[in-house]
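This is the structure I want to talk about, given as structure tokens.
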Amino acid sequence: MVSASAPKVKSPFKKSDNLLFDPALIPTEIQDCLPSGYVVRPLARTDNQVRSNTSFLKTLEVLTTVGTISDQAYQQRFQYLKEHSDKYYIIVIEDMNVPATLAGSATSSTPNLVTPGRGKIVAAGTILVERKFIHELGLVGHIEDIAVSADQQGKKLGLRIIETLKAIGQQVGCYKVILDCSEKNVPFYEKCGFERKGVEMGWYV
Ligand code: ACO
């Protein structure tokens, strides 16, 4: 179960067509706990751009094979998710402490921490909101695809990603948030406030 106390929300980001969902759902107190120069925000349309291995898709490679995804394919998938943005919430943590020479075309002449894409994506995660009939049309949040770049692990970024996803689930009305993970990640999720429930089953086509 997600805690009953409502999180404080006031994101440094503004709602925009470039962002997957309204950043006001991201609690300000989680942003405040990140290392200096790091920001947590919704996935952006421009997050497929690879500059020195800094893209969202590159970050996911710590999880599994991502494969070759063209810019057009990324844009189509992003557009689908955007049209279902009350169901798919994907967040990233971006490290803005990146030299301007690596920040490429997204660099602004006025340094601005709230411009998505200036820095380097270092972590990502998703909460998918399932709409049920049981529990009086209850909503269940499913956490998926948690990834922290190998060189950024151990800085509590995974914890901040999970805290953010739990807070989003709570604010959109989920009565519980669940996830599947490997045995080796159980201690991490216990640190994030989860407990063992049931058994995961799988069928691969
Ligand atoms: N075993 C024991 N404790 C752990 C582990 C672990 N494998 N990983 C983290 N912790 C602990 C940390 O020590 C820390 O404890 P503390 O508060 O006492 O200091 C706490 O959990 C928070 O750790 P973070 O620093 O936030 O962890 P990190 O940023 O490294 O992220 C993660 C953890 C997401 C598992 C990362 O290592 C990763 O991306 N791994 C590869 C991909 C992966 O396995 N993703 C999860 C798939 S499951 C899913 O997506 C639903």
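Quick note: the coordinates plus some simple rules give every number you see, no bench work behind them. Bear in mind the structure is a predicted one, so any value in this text is a computation, not a measurement. All Cβ positions, glycine included, derive from the backbone under ideal geometry; neighbour counts span all protein chains shown.
Quick one: what pairs do we get from the stretch 117-130, first residue in contact (Cβ under 8 Å) with a residue 12 or more places away in the chain and farther than 18 Å from Tyr88 by Cβ, second in a strand (DSSP E or B) and among the acidic types (Asp, Glu), C-beta under 9 Å, 6+ apart or different chains?
Gly117/Glu94; Arg118/Glu94; Gly119/Glu94; Gly119/Asp95; Lys120/Glu94; Lys120/Asp95; Val122/Glu94; Val122/Asp95
Let me ask something else. Which residues, counting only those in the stretch 132-155, are in a strand (DSSP E or B), within 6 Å of the ligand (Cβ to nearest atom) and among the small types (Gly, Ala, Ser)?
Ala147
Could you please let me know if Glu183 is within 21 Å of Thr64 (Cβ to Cβ) and surrounded by fewer than 16 Cβ atoms within 10 Å (Cβ to Cβ)?
In short, yes.
Which residue pairs have Cβ atoms under 8 Å apart, sit 6 or more places apart or on different chains, and have a first residue in the stretch 178-205 that is under 21 Å from Gly154 (Cα atoms) and a second that is of a type in the set (Lys, Arg)?
Partner pairs satisfying both residue conditions: Val186/Arg196; Cys192/Lys166; Gly193/Lys166.
Next up: So, in the stretch 72-87, of the ones that are out of contact with any Asp or Glu (no Cβ under 9 Å at 6 or more places or on another chain), of a type in the set (D, E, K, R) and assigned to a helix (DSSP H, G or I), which residue ends up surrounded by the most Cβ atoms within 10 Å (Cβ to Cβ)?
Among those residues, the one meeting the criterion is Arg77.
So, in the stretch 160-205, how many residues would count as being under 19 Å from Val92 (Cα atoms) and of a type in the set (S, T, N, Q)?
So the count comes out to 3.
Can you report the number of residues in the stretch 50-95 which are among the aromatic types (Phe, Trp, Tyr) and touching a Leu at 6+ places or on another chain (Cβ under 6 Å)?
1
Could you please find all residues in the stretch 156-190 being outside any helix (DSSP H, G or I), within 9 Å of the ligand (Cβ to nearest atom) and closer than 23 Å to Leu139 by Cα?
Within the stretch 156-190, Leu179, Asp180, Cys181 meet the criteria.
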